[in-house]
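Read the structure below first, then the notes.
Only the coordinates and a few stated rules stand behind these numbers; no lab work does. On a predicted model such as this, the values are computed, not experimentally measured, just so you know. When we count neighbours, we look across all protein chains shown, and the Cβ atoms used for this are built from the backbone with ideal geometry, even at glycine.
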Amino acid sequence: MGMWFEDFIVGEMFETVARTVTEADVVTFSGLSGDMHPLHTDAEYAKATPFGQRVVHGALVLSLAVGLRGRTGRFDDTLIAFLEIRSWQFRRPVFIGDTVHARNEVVEARASSKPGRGVVVQRVEVVNQEGEVVQSGDMVTLVRQRP
């Protein structure tokens, strides 16, 4: 069972497990999203860019962060909806072979206008293997209150 709304304490922090981004991830995401930009898919093209190599789609890294957060079990059976992403920033490139994880801090928890649920805002930082923040912003979720 996941965490009930009442279990989320402002100031609480947690980290997810890490995951290495693979070539297969990029190829699959390109096909799913339709984003075949050569910066992501063409190694020769990418060599001539300021990055010097292919860059992982920013939206893929965001999706990985959502998945890594889900693996914590905190939202199992208690999450009602993912409401919003606020002020998301793509701060540094992520490359194939990089390993990322998410750091999370509860910054707001308030009861919803409807009974039985509450809104939880978490500041999320996606961090690479060098400890650099590559993406960040706030994720807003709707979570069940204890019956």
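Can you name the residue in region 41-57 that is touching a residue at least 12 places away in the same chain (Cβ under 8 Å) and surrounded by fewer than 18 Cβ atoms within 10 Å (Cβ to Cβ) and, of all such residues, is farthest from Val140 (Cα to Cα)?
My answer is Asp42.
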Looking at Phe14, Phe29, which one is farther than 21 Å from Met139 by Cα and surrounded by 13 or more Cβ atoms within 10 Å (Cβ to Cβ)?
Phe29
Are any residues in region 93-123 surrounded by fewer than 17 Cβ atoms within 10 Å (Cβ to Cβ) and not in a strand (DSSP E or B), and if so, which ones?
Gly97, Ser112, Ser113, Lys114, Pro115, Gly116
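Residue-by-condition table, conditions (1) assigned to a loop (DSSP other than H, G, I, E, B); (2) among the acidic types (Asp, Glu); (3) under 30 Å from Pro147 (Cβ atoms):
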position: Gly2; (1), (2), (3): yes, no, yes
position: Val27; (1), (2), (3): no, no, no
position: His40; (1), (2), (3): no, no, no
position: Pro50; (1), (2), (3): yes, no, no
position: Val61; (1), (2), (3): no, no, no
position: Gly67; (1), (2), (3): no, no, yes
position: Ile80; (1), (2), (3): no, no, yes
Filtered residue count, region 124-147, keeping only those that are touching a residue at least 24 places away in the same chain (Cβ under 8 Å), part of a strand (DSSP E or B) and within 30 Å of Thr20 (Cα to Cα):
14
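Which one of these is closer than 16 Å to Pro93 by Cβ, touching a Phe, Trp or Tyr at 6+ places or on another chain (Cβ under 9 Å) and of a type in the set (Asp, Glu): Asp35, Asp25? Full working, then the answer.
Numbers: Asp25 fails: touching a Phe, Trp or Tyr at 6+ places or on another chain (Cβ under 9 Å).
From the options Asp35, Asp25, the qualifying one is Asp35.
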Are there any pairs, at least 6 apart or on different chains, whose C-beta atoms fall under 6 Å, with the first in region 75-98 and among the small types (Gly, Ala, Ser) and the second part of a strand (DSSP E or B) and surrounded by 16 or more Cβ atoms within 10 Å (Cβ to Cβ), and if so, which?
Ala81/Leu142; Ser87/Gly137
